[in-house]
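What follows is calculated from the coordinates using simple rules that are stated; it is not laboratory data. Keep in mind the model is a prediction, meaning the values are calculated, not measured. Virtual Cβ from ideal backbone geometry, glycine too; neighbours counted across all protein chains shown.
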Amino acid sequence: MTTATNPVQAPNSQAELLYQAQLKQERQFRTNVGFSWGILFLILIFLFSGQNLQIGSFTFKTINVDTAFILKNITFIAGGLGQTLLISTLSILFAICMALLAALGRLSKFPPIYALSTFYVSLIRGTPLYLQIFFFFLALPQLGIVLSGIVSGVLALGLNYGAYMSETFRAGLSSVSKGQREAAMALGMTPSQTMRRIVLPQALRFAIPPMGNDFISMTKDSALVSATGFVHELMWRATKVGRASFNSLEALIMAAMFYWVLTLILTYFQGKLEARLSKGDR
């Protein structure tokens, strides 16, 4: 007797083997990348070890850092992480609101609204962020409006990133097909209901990954707020102790490491968020 074979079983088993091979290849690739990162990190540690490497007649000199200064002030500099994250979080929330309003304005058919949104985007994108921070902190007091360093930084960062993010929101809103809007109208939805229930959820799914990247950039740009001298975040604390002890190299290295680690953590969560949002596509 001959046993009948299931015609579906062979393709399924082949697909499973192919999938397992792809997973193995991805794991191997991540392992090699991690190994390479480890080597680069060891090289970086050696560069700042202060030891000299003799290769024949050539002497390779490394950077000698004051480890006692680092151990003494690392806690003080790390204390600025809270204000750095506070400024970045408040700024990104404000930027999201401004970006959404500007994107809706640029899609509006009402000329004054369209003109106002395009004027805002053009003005903010046409001036440096550094200037905008000092405008809120130094120029507004001449008009009787006195803002703290944190408020000035949040307003400047929020308005600046809101102008750039408005393009992301506009693209997200435009990505929703006209057919879906027409179907919503056929179901009796008002324009506001269509925007709230149909357009915005899909546009936000498109805009969230770039927003994560903007939040990472904003976290680093928050260092510009230290120029006001009244915001004790990472950069301010690093420059303060570095100048006082003539150890700016060590202080700035510590600040750079904190920003770097913070960026790696935020990038990790951004990747997790993008993977979750892309489940429907896969």
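Observations on the model:
- Cβ-to-Cβ counts within 10 Å put 225, 146, 151, 121 in ascending order as 146, 151, 121, 225, the fewest first.
- Cα-projected label distance for residue 25 with residue 261, points at 7 Å along beta-carbon direction, nm: 3.7
- Given their separation in residues at 0.36 nm each and the Cα-Cα distance between them, residue 62 and residue 205 gain 46.7 nm when the chain is fully extended.
- Principal semi-axes of the equivalent ellipsoid, √(5λ) from the alpha carbon gyration tensor of the chain, are 42, 38, 13 Å from largest down.
- In the chain, a dipole from Cβ-located charges (positive for Lys and Arg, negative for Asp and Glu) runs towards its positive end, and of 172, 219, 78 it is 172 whose Cα lies farthest in that direction.
- For residue 49, the amide hydrogen comes within under 5 Å of the amide hydrogens of 63, counting only partners 5 or more places away or on other chains and with H modelled in the peptide plane.
- Gaussian network model of the chain, Cα within-10 Å springs - most flexible of 265, 43, 63: 43
- Rounded to the nearest 20 debye, the dipole magnitude of the range 67-277 is 380 debye, with +1 charges on Lys and Arg beta carbons, -1 on Asp and Glu beta carbons, and the Cα centre as origin.
- Net charge contributed by nearby residues that have their C-beta within less than 15 Å of residue 118 (K/R +1, D/E -1): +3
- Sorting the segments 153-165, 97-109, 21-33 by their residues' average number of neighbouring beta-carbon atoms within 10 angstrom, most packed first, yields 153-165, 97-109, 21-33.
- Estimated [θ] at 222 nm from DSSP helical runs (n ≥ 4, -39500 (n - 2.57)) normalised by residues in the chain, nearest 500: -24500 deg cm²/dmol
- The range 186-282 - Debye-derived log10 I(q)/I(0), Cα point model, q = 0.20 Å⁻¹: -0.97
- Cβ-Cβ distance of residue 272 and residue 48, R₀ of 22 Å, FRET efficiency by 1/(1 + (r/R0)^6): the value works out to about 0.10.
- Computed over the chain, relative contact order equals 20 percent, with contacts defined as Cα pairs under 8 Å that lie 6+ residues apart.
- Shape metrics for the range 101-146, restricted to C-alpha atoms - Rg then Dmax, Å: 13.7, 37
- Annotation: Cα Rg of the range 20-152 relative to the compact-globule expectation 2.2 N^0.38 Å equals 1.80.
- Only Cα pairs under 8 Å and 6+ residues apart enter the sum, and on that basis the relative contact order of the range 82-187 stands at 42 percent.
- Listed peptides 198-211, 66-79 appear in the order 198-211, 66-79 once ranked by packing, highest mean of other Cβ atoms within 10 Å at the front.
- Relative intensity, log₁₀ I(q)/I(0), of the range 103-198 from a Debye sum that treats every alpha carbon as a point, q = 0.11, 0.20 Å⁻¹: -0.48, -0.98
- FRET efficiency for residue 197 and residue 115, using Cβ-Cβ distance with R0 set to 41 Å, rounded to 0.05: 0.90
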